[in-house]
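First up is the structure itself, then whatever we jot down about it.
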Amino acid sequence: MLTCNNIFFIFPNSAKTDNTIKYIIYIFEYRKGLKYHMSIVDRFGEKVGEIAENDPVKARKLLLAGYRLQEKRLALFPDRKLPMSGQYVAKIVMNNIIQALAKPENAAMVSIFVPGELLTAAGLTPYSVEALSCFMAGTKCEQTFLKQTEKEGFPETMCSYHRVFLGAALNGIVPKPKCMVYTNLACDGNMMTFPYLKERYEIPSFYIDVPYEKNYDSVMYVAKQLRELKNFLQDVTGREITEESVKKAVDKSKIASNNYYRQLHLRKGHDIASTLTNELYALFMCHLLAGTDESVRYTQLLRDDVRRAPAGDGFHVLWMHTMPFLQDAVKDVFNYSDTIHISASDFIADGFRSMESDDPYEALAEKMVYCIYNGSVNQRIEVAKELADTVGADGAVLFAHWGCKNTIGASSLIKRSLEREGLPTMVLDGDGCNPANASDGQISTRLQAFVEMLTEQERN
């Protein structure tokens, strides 16, 4: 018998005892402290990477076992420092990744801006380059897969999300999915990763071409492709996708969008606890899990959590682009902070973009065509101004992710434009997926200076 905080565990005399003990030890060690827990994660990641080089199927099973243990931990010991929405989204996103890896015959490999609503209607589990790479990196096994892409000749300057994903796919740890759906939208890495894996896996694939021009003709052009995507998914799955199911999924997205923007308008007077990881999970909810009951539930909980949260004295920050959830220097500043809050993210807010058309395909096409990452950077700037005003932002942080040419190239223009409007803006260089491409010391110094600047501004 083991005792853990007044919980008694009695182990039966069976072959399963060793596994049970390992699980309880894992839980017990976790509760002893985050620092010790991280050492466990490090060792686990090293083991997965080591096995993956020779036996990818075994490594995948080990990885899945680790994710399932984490799912159990989230159920038994949720992070009580987070509100209900934060606890809920962690479980949902974890389950999505488990399903994608455990049941690849019912999974679709997608780029992040592919409409999740149609995949939901098709009964498929979507997983993206970014989502899976985040989980690989969070498990501390990303370096093995980065080395794999180097061997295959992929450039080091390529986005690390794509490099980790490609390495895991080439290694065999990512199983062959049912199909693949991708788009040219936002990320140039898509046009290297997906065509390459299409040939590698030899699976049915569908490409969505999104024009740069933001007008009615572009919306109609994309809507036509989305109707064809529906037919493609029917052929691939052998399941009928009714127009009713498509409309229902899009209607749920509209509800989730409304919930999300309602909570944004409450942010000026309310501060809720969050972490970089949970902010990243929200990004997956508005894309991969768009059109699901879970997305609606999450945004309902988030709206209620913000409404109930007290007003704090901390600074409100608009975050732009992805989250460097692995960087200790950034986590130390933002995770559970009373001093500085991420009150809005342009990446997430755009994912929850309002859709006006009554036609579900045209509504989805609107969201893709008018995405702030499509075309001129001016739209990102204008949306950033609107979000900053909505949440009463004291400053903005633009995360210049390694390998993202769109963001890095536009960073100076975005910074100048926002500062002309009176919004102090910091361009933070780093890597959202590969910690080796960022300096914790430099990041920490720059973030401290940014907070001090906001403090001085408030005094004046």
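The values are calculated or read from the model by the stated rules, or taken from the named source; none is laboratory data. Only a predicted model underlies this, so the values are computations on that prediction, with no experimental measurement involved. We place every Cβ from the backbone using ideal geometry, glycine too, and count neighbours over all the protein chains shown.
Filter the range 401-455 down to residues that are more than 26 Å from ARG163 (Cβ to Cβ) and among the charged types (D, E, K, R) and give me whichever is surrounded by the most Cβ atoms within 10 Å (Cβ to Cβ).
Checking each candidate, the answer is LYS415.
Condition check: part of a loop (DSSP other than H, G, I, E, B), β-branched (Val, Ile, Thr), touching a residue at least 60 places away in the same chain (Cβ under 8 Å) and under 26 Å from ALA400 (Cβ atoms). Does VAL164 satisfy that?
Values: part of a loop (DSSP other than H, G, I, E, B): no; β-branched (Val, Ile, Thr): yes; touching a residue at least 60 places away in the same chain (Cβ under 8 Å): yes; under 26 Å from ALA400 (Cβ atoms): yes.
Here the answer is no, as VAL164 does not meet what is asked.
What pairs can you find where one residue is in the range 82-96 and farther than 20 Å from ALA309 by Cα, the other is among the polar types (S, T, N, Q) and in a helix (DSSP H, G or I), and their Cβ atoms are less than 9 Å apart, with a gap of 6+ or different chains?
ILE92/SER295; MET94/GLN70
Suppose the filter is under 17 Å from the mean Cα position of the chain (by Cα) and hydroxyl-bearing (Ser, Thr, Tyr); does SER295 pass it?
In short, yes.
Would the range 237-249 turn up any residue that is within 22 Å of the chain's Cα centre (by Cα), more than 22 Å from ARG308 (Cβ to Cβ), surrounded by 20 or more Cβ atoms within 10 Å (Cβ to Cβ) and modelled with pLDDT of 95 or more?
Scanning the range 237-249, I find at least one residue that is within 22 Å of the chain's Cα centre (by Cα), more than 22 Å from ARG308 (Cβ to Cβ), surrounded by 20 or more Cβ atoms within 10 Å (Cβ to Cβ) and modelled with pLDDT of 95 or more, so the answer is yes.
Got a sec? Which of ALA90, ALA169, ALA131 is farther than 24 Å from SER295 by Cβ, in contact with a helix residue (DSSP H, G or I) (Cβ under 7 Å, 6 or more places away or on another chain) and assigned to a helix (DSSP H, G or I)?
Just a single option satisfies the conditions, and that option is ALA169.
Would you point out which residue out of ALA107, ALA122, ALA137 is buried (at least 19 other Cβ atoms within 10 Å of the Cβ), modelled with pLDDT under 95 and among the hydrophobic types (A, V, I, L, M, F, W, C)? If you could, list the steps in order and put the result at the bottom.
Numbers: ALA107 fails: modelled with pLDDT under 95; ALA122 fails: modelled with pLDDT under 95.
It is ALA137.
So which residues in the range 427-460 are of a type in the set (S, T, N, Q) and either part of a helix (DSSP H, G or I) or farther than 14 Å from ALA400 by Cα (or both)?
Result: ASN437, GLN442, SER444, THR445, GLN448, THR455, GLN457, ASN460.
Basic (Lys, Arg) and either free of Cβ contacts under 8 Å to residues at least 24 places away in the same chain or under 20 Å from THR183 (Cβ atoms) (or both): does that describe LYS385?
It is false that LYS385 is basic (Lys, Arg) and either free of Cβ contacts under 8 Å to residues at least 24 places away in the same chain or under 20 Å from THR183 (Cβ atoms) (or both).
Among the residues of the range 257-274, write down those that are at pLDDT below 95 and in contact with a Phe, Trp or Tyr (Cβ under 7 Å, 6 or more places away or on another chain).
Once the filter is applied, which keeps residues that are at pLDDT below 95 and in contact with a Phe, Trp or Tyr (Cβ under 7 Å, 6 or more places away or on another chain), the range 257-274 yields only ALA273.
Just name the residue that is modelled with the highest pLDDT out of those in the range 74-87 that are among the aliphatic types (A, V, I, L, M), within 19 Å of the chain's Cα centre (by Cα) and in a helix (DSSP H, G or I). I'd like the intermediate steps shown before the answer.
Step one: list which residues in the range 74-87 are among the aliphatic types (A, V, I, L, M), which gives 74-76, 82, 84.
Checking which are within 19 Å of the chain's Cα centre (by Cα) leaves us with 74, 82, 84.
Okay, now just the ones that are also in a helix (DSSP H, G or I), so 74, 84.
Details: LEU74: 92, MET84: 97.
Top of the filtered list is MET84.
Filter the helices (runs of 4 or more DSSP H) completely within the range 304-392 down to those with at least 2 residues that are in contact with a strand residue (DSSP E or B) (Cβ under 7 Å, 6 or more places away or on another chain).
Where helices (runs of 4 or more DSSP H) fall fully within the range 304-392 and carry at least 2 residues being in contact with a strand residue (DSSP E or B) (Cβ under 7 Å, 6 or more places away or on another chain), they are 328-334, 378-391.
Which condition from (1) under 30 Å from LYS247 (Cα atoms); (2) surrounded by fewer than 23 Cβ atoms within 10 Å (Cβ to Cβ); (3) small (Gly, Ala, Ser) is the one that SER376 breaks?
(1)
Taking the range 102-128, which residues are closer than 20 Å to SER160 by Cβ, aliphatic (A, V, I, L, M) and not in a strand (DSSP E or B)?
Within the range 102-128, just ILE112 meets the criteria.
So which residues in the range 303-344 are surrounded by 20 or more Cβ atoms within 10 Å (Cβ to Cβ), at pLDDT 95 or above and of a type in the set (S, T, N, Q), if there are any at all?
Of everything in the range 303-344, just one residue is surrounded by 20 or more Cβ atoms within 10 Å (Cβ to Cβ), at pLDDT 95 or above and of a type in the set (S, T, N, Q), namely SER343.
When the residues of the range 173-226 are narrowed to those that are hydrophobic (A, V, I, L, M, F, W, C), assigned to a helix (DSSP H, G or I) and touching a residue at least 12 places away in the same chain (Cβ under 8 Å), which ends up surrounded by the fewest Cβ atoms within 10 Å (Cβ to Cβ)?
It comes out as MET220.
Just checking, how many residues over the range 396-433 are at positive phi and either of a type in the set (Ser, Thr, Tyr) or over 22 Å from the mean Cα position of the chain (by Cα) (or both)?
1
From ALA365, ALA344, which residue is within 18 Å of SER253 (Cβ to Cβ) and touching a Phe, Trp or Tyr at 6+ places or on another chain (Cβ under 9 Å)?
ALA365
Which of the numbered conditions does LEU233 fail, given that it passes all the others? Conditions: (1) within 29 Å of ALA344 (Cα to Cα); (2) buried (at least 21 other Cβ atoms within 10 Å of the Cβ); (3) aliphatic (A, V, I, L, M).
(1)
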